[in-house]
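Notes follow the structure.
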């Protein structure tokens, strides 16, 4: 189920191919209550098409770009060729997540006796989609649910379902610290520097790996790249600062993103 009854021009939509003719393919839009759409042969693929079924067939799931919508005529024009592989994968992933979220809302409705449409409307009002609400609930430790205008029992059910089913993606980045100290107690200076490179930051893991003096690797795991970059910079600056204040030298070498 979708909040809007009709797609918007330029939107990517998941479709099921129901009929293929020599001049066009007819589809239904999975996210819009099986509304019918048409892909003219000129929008199936780039270049000349000899046999349309070499490119599209009945029963196939495809991602199309909406070219035009005429609600009065009940007509939706679509393009298959204007969707690249990356867009297709991302849209299918989003669509599958929305299906999961729809199922979870059904569970919450059954458990609380609240009409599922009431729950969906509250989530759509805040997020525009269903799945992001469950992700937000997990990443905020349940606090995000307070934004939803729903009964307490529904909120508690959504929190339980989110924590049970959603695994928030995490990213890992690394960098190398080069730390040296000419002092007689230089080993202790380096130890203090490394301890300072592990500040406690909520929901972020910072690991230090000894490579071989004077090189040490910092590995940061966080919910997103922005948080990871901020944390690794803070850790590296802390370590370099300790060494330099003790008369030594330090530098940070950022490695390519990973994870």
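Values as computed for the structure displayed
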| item | result |
| --- | --- |
| Folded to 0 to 90 degrees: helix 186-196 orientation relative to the chain principal axis, Cα | 30 degrees |
| Contact order relative to length of region 171-254, as percent, for alpha carbon pairs under 8 angstrom and 6 or more apart | 46 percent |
| Mean Cα-pair separation over length for the chain, i.e. relative contact order, pairs under 8 Å, 6 or more apart, % | 13 percent |
| Nearest 10 degrees, 0 to 90: helix 116-127 Cα axis against the chain principal axis | 50 degrees |
| Residue-averaged 222 nm ellipticity for the chain, from DSSP H runs of 4+ at -39500 (n - 2.57), nearest 500 | -12000 deg cm²/dmol |
| Length-normalised contact order of region 12-82 in % [C-alpha pairs under 8 Å, at least 6 apart] | 35 percent |
| Most to least packed among 114-125, 155-166 [average Cβ atoms within 10 Å] | 155-166, 114-125 |
| Order of 179, 29, 78 under a 10 Å beta carbon neighbour criterion, fewest first | 29, 179, 78 |
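Every read-out reported here was derived from the displayed coordinates using simple, explicitly stated rules and does not represent laboratory data. What you see is a predicted model, and the numbers here were worked out from it, not measured in a lab. Neighbour counts are summed over all protein chains in view; Cβ atoms, including those assigned to glycine, are modelled from backbone coordinates with ideal geometry.
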